[in-house]
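The values are calculated or read from the model by the stated rules, or taken from the named source; none is laboratory data. Just so it is clear, the model here is predicted, and its values are computed rather than measured. Backbone-built Cβ (ideal geometry, glycine too); neighbour counts: all protein chains shown. What goes into the accessible areas is simple: the full protein's heavy atoms, side chains included, and nothing from ligands, DNA or RNA. Shrake-Rupley method; radii C 1.70, N 1.55, O 1.52, S 1.80 Å.
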2 protein chains.
Amino acid sequence: MVREPEKAVFDNVTLQCGQTLPRVELAYQTYGQPNAARDNLIVYPTWYSGQHHDNEWLIGSGMALDPERWFIVVPNMLGNGMSSSPSNTEEPFNQASFPPVTVHDNVRLQHRLVTERLGFDRVALVTGWSMGAMQSFEWGAAYPDMVERIGPFCGTARTWPHNFVFLEAVRAAIRTDAAWRNGWYTDKPHRALRAVGRVYAGWGLSQAFYRDELWREMGYASLEDFLVGYWEGFFLRRDPNNLLAMAWTWQHGDISANDRYHGDFSAALNAITARAVVMPGRTDLYFTPEDSEYETALLPNAEFRPIPSVWGHFAGSGANPTDTEFIDSALKRLLSS
Amino acid sequence: MVREPEKAVFDNVTLQCGQTLPRVELAYQTYGQPNAARDNLIVYPTWYSGQHHDNEWLIGSGMALDPERWFIVVPNMLGNGMSSSPSNTEEPFNQASFPPVTVHDNVRLQHRLVTERLGFDRVALVTGWSMGAMQSFEWGAAYPDMVERIGPFCGTARTWPHNFVFLEAVRAAIRTDAAWRNGWYTDKPHRALRAVGRVYAGWGLSQAFYRDELWREMGYASLEDFLVGYWEGFFLRRDPNNLLAMAWTWQHGDISANDRYHGDFSAALNAITARAVVMPGRTDLYFTPEDSEYETALLPNAEFRPIPSVWGHFAGSGANPTDTEFIDSALKRLLSS
C-alpha cells in the first residue's frame, strides 16, 4: 500500500525571482520518528523528476539511513509534480506561467518545514543524489550553524557550464515538438518526452556502461529495449512543463546566488562547516568528478570519495548494488563521526 | 574563388543493403599533382556533414599534407549534400527513400575512383577526422595490399554502443519536429536543425572546454552566442534527411561488417597491415580514447598517440592550432617512415 505524502502548505511565498506564489505545497514523506532530544533529523531531498518514493532504496533497517534510529524527511522538489509544479498549480501560475524556482527557494521552504512545522533546530545530515546533492550543498551554505553533516553524491554545489549545455539538449527536445504549444498543451506532447528519453540515455550512463551492456543487469534484452522500455517510458510518465521547470532550477543552481554570498562561490563553499563526504561518480558525464574535486578542495571539513563505478551518473540511482553499498558505507562512517 | 569539385559518376551501384542506385555521383576535390611513379596519393575523406572544403585546414605548403609533394584526394561522403545524398538524388531514391549507405559502400566507391578513374594502385596514406577516421580504418581493412599508412584521428574502426546512443539523440531531435514530415518536407524543418545543434553542443566539446569558456577563442561573446551562432547555425545549413542518412552510416560503421570479415572485428583489425598512427582526442566524449586504445592494440603495425587536448572531439576539427600541430607532426613522421 502506497502511503500518501504529508503536505506542508505555505501562503504567499515570494521567490528569488520576485514572483509570489499565493500557495505553495511542499509534499514530503517521513521515515522513523523524532527522538526526545530532536537531534536525529536527516533531510534527503529528491532529484530531477524523482519523487520521495524514488529515494527509498537508500533507507532501511541496518542501513545508514535507518528509520529505527533516524527521523528521515524526504521533501519533494518544487516542479516534481508532487510539490507545487506547473502541472498542479492553480491559475494564473499554472503550466507555462509557473515562475522560475531556484535551489535556494527549495531549501528555504525545506528549512521552514523542519523548523516551523517539525520543530527541529539542527540537522544531523543532508544527503541526496544529483539535484538532491545540490540541495545538500545549499543547506550547508544557507544554514551552516544548523547542518552537522552533508553527504552529497553525484552532484555539485553549482551547475558547471557543460552540465548547463547538456540541459539545453533536454529543453530543445521538448521545445521542438509543436504539440508542446509553448507550454499550453492539453494533450501530452509524447514525441517530446520520447525525445528527452533518447537525449538523456547517452548522458545518464557512461560509455563503459553501454560497452559492457550493463542494461542487461537492469532486465533489458537489447539496447533498443532499454531505450524504449526504460528511457522513453521514464520520461513519458513526466510532465513536459515540470521537466522544463526543474531544468531551469538545475541550470541556475549555485549556492552563492543569493543575498548572503552575492555570487562569491568560493566564499559559499568555504562557509560550509558541516562535516562532508563528497561522492561523485567516477564516470559521471555531467556532474563530473573533476568539478566535485575542485569544490571539495574549498570545503573546510570535507572528504573527496568518488564512487568507483562505470554506471556514470546512475552510480547514485540505487540501480547498482555495489554502488549503493559504497554510498551507504560512506554515510555510515559520516553519521558515526 | 571557390573551386567546384570534380565528380565521378558510377552507374548502377548495388549497395550492401541490396538496393541499387542507378547513378551515384562521387564529388571529390584534388590538391597537388600525381607524380610519374604514381606513388604519391593521399586519400582524405570527409566527416559527418562536412564537405571537401572543410578539410582544407590540414593541407598546405610545409604541412604533412603538402600539395607540392603529394596528390591529395578528398572524396565527399555519400549523404553530405555534395556526393549523392537524399537532398540531391532523383526520384525514386530521393529524400526519405534514399537507401542506407555503409562506410564500406563509401570506401568501395572511393577505391573505384582512385583505381579506375585516377589510375593509382597504391595509397601512401588514408587519413581523416571522425567519420573520416572510420573510412581510413575501412580502407586499411578492405584493401590491405594497397594502403601503406593510415592516420585516423578522433574516430574508431567501429561505432561503439555509447556512440550509437548519442546519435539516437541527434535522430530524435529531427524526428520530433512535425515539420520533418517523415522526411517528405518541402519547407526546411528549422526547429529540428536547431535542436540538433543544441544536442550536439554538449557532445562535440569536452566538459573542460566549457568550464574554461574556450568558445571565446572561436570568437563568441557568450555561451548562448556560441550555441546559436555556432551550433544552431552549423546545422541550419544542413539538410535533415542528409543528417539522418549519414547518422545511419555512422551508427552502422564496422570494418568487419562485410563479406570479407563476416563480423569478425578482431580479424579485420588484425588484417590492417598499414603502418598506423591512431590519434583519439584525450577528452573526446563519443569516439573515446578507451575504445581507440582497445582497437589499436589489435592492429599489427600501429602507434597509439592520443591528442592531449580539452577540445573534446573537436581536437580534430582544425579549430585549435595546438591540436592541428600535433596531428600534422604525427602525420609528418608517419609519411617519412
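Where does each of B:Ser130, B:Ser266 land when they are ordered by accessible area, with a 1.4 Å probe and the largest first?
Working: B:Ser130 5, B:Ser266 50 Å².
Descending order: B:Ser266, B:Ser130.
Over the protein assembly as shown, consider all pairs of different Cα atoms and compute the Kirkwood hydrodynamic radius from their mean reciprocal separation; express it in Å, one decimal. All intermediate terms of the calculation are to be shown ahead of the outcome.
Working: mean 1/r = 0.0376 Å⁻¹.
Kirkwood radius, the protein assembly as shown: 26.6 Å.
Could you state the accessible area per residue of chain B in Å², with a 1.4 Å probe and every protein chain left in place?
37 Å²
At a Cα cut-off below 29 Å, give the lysines reachable from B:Lys188, other chains included and same-chain residues fewer than 8 away excluded.
Qualifying lysines at Cα under 29 Å: A:Lys188, B:Lys7.
Summed for both chains, how many Å² of accessible area, to the nearest 100, are buried between A and B with a 1.4 Å probe?
Using a 1.4 Å probe on protein heavy atoms, the buried area is about 2700 Å².
With runs of 4+ DSSP H residues as the only contributors, calculate the mean residue ellipticity of chain A at 222 nm using -39,500 (n - 2.57) per run, divided by the residue total and rounded to the nearest 500.
-9000 deg cm²/dmol
On the full set of protein chains, 1.4 Å probe, figure out the accessible area of B:Leu236 and give it in Å² to the nearest 10.
40 Å²
Calculate how large, on average over all directions, the projected area of the Cα convex hull of segment A:223-337 is; give the answer in nm² to one decimal.
Result: 9.0 nm².
Quick one: ranking A:Arg260, B:Arg194 by accessible area, 1.4 Å probe, largest first, what do you get?
Reading off the accessible areas and sorting them downward yields A:Arg260, B:Arg194.
When only DSSP loop residues count, what trypsin sites (Lys or Arg not before Pro) in segment B:1-104 have their Cβ near at most 10 other Cβ atoms within 10 Å?
Hits after loop and neighbour filter: B:Arg3.
Classify chain B from the C-alpha gyration tensor, please: rounded if a/c falls under 1.5, else prolate or oblate depending on whether a/b exceeds b/c.
rounded
Could you work out the mean count of beta carbons from other protein chains within 10 Å of each residue's beta carbon in A:285-293?
Per-residue shielding by partner chains comes out at 2.
What would the Debye formula give as log10 I(q)/I(0) at q = 0.12 Å⁻¹ for the alpha-carbon point model of segment A:60-171, no solvent?
Log-scaled intensity ratios, in q order: -0.50.
Quick check: pseudo-label points 7 Å beyond the Cα along Cα→Cβ at A:Glu290 and A:Arg122, how many nm apart are they?
Distance between the two pseudo-spin positions: 3.9 nm.
Could you sort the peptides A:153-165, A:305-317, B:46-58 by per-residue average Cβ neighbour count (10 Å cutoff), highest mean leading? Present the calculation step by step, with values, prior to reporting the outcome.
On the way: A:153-165: 25.5, A:305-317: 23.4, B:46-58: 20.8.
Final packing ranking: A:153-165, A:305-317, B:46-58.
When the Cα atoms of segment A:10-94 are enclosed in a convex hull and the volume is divided per residue, what value in Å³ results?
111 Å³
Under 1.5 on a/c is rounded, so check that first for segment A:159-246, then, if it is not, pick prolate when a/b is larger than b/c and oblate when it is not; a ≥ b ≥ c are the square roots of the alpha carbon gyration tensor eigenvalues.
Oblate.
Please list 3J(HN,Hα) in residue order for segment A:30-38, calculated via the Karplus relation 6.51 cos²θ - 1.76 cosθ + 1.60 where θ = phi - 60°; whole Hz, with x for glycine and proline.
Per residue, the Karplus-derived 3J(HN,Hα) values read 10, 9, x, 10, x, 8, 5, 6, 6 Hz.
Take the solvent-accessible surface of the protein heavy atoms, probe 1.4 Å, and return the percent of it on segment A:154-252 that carbon and sulfur atoms account for.
47 percent
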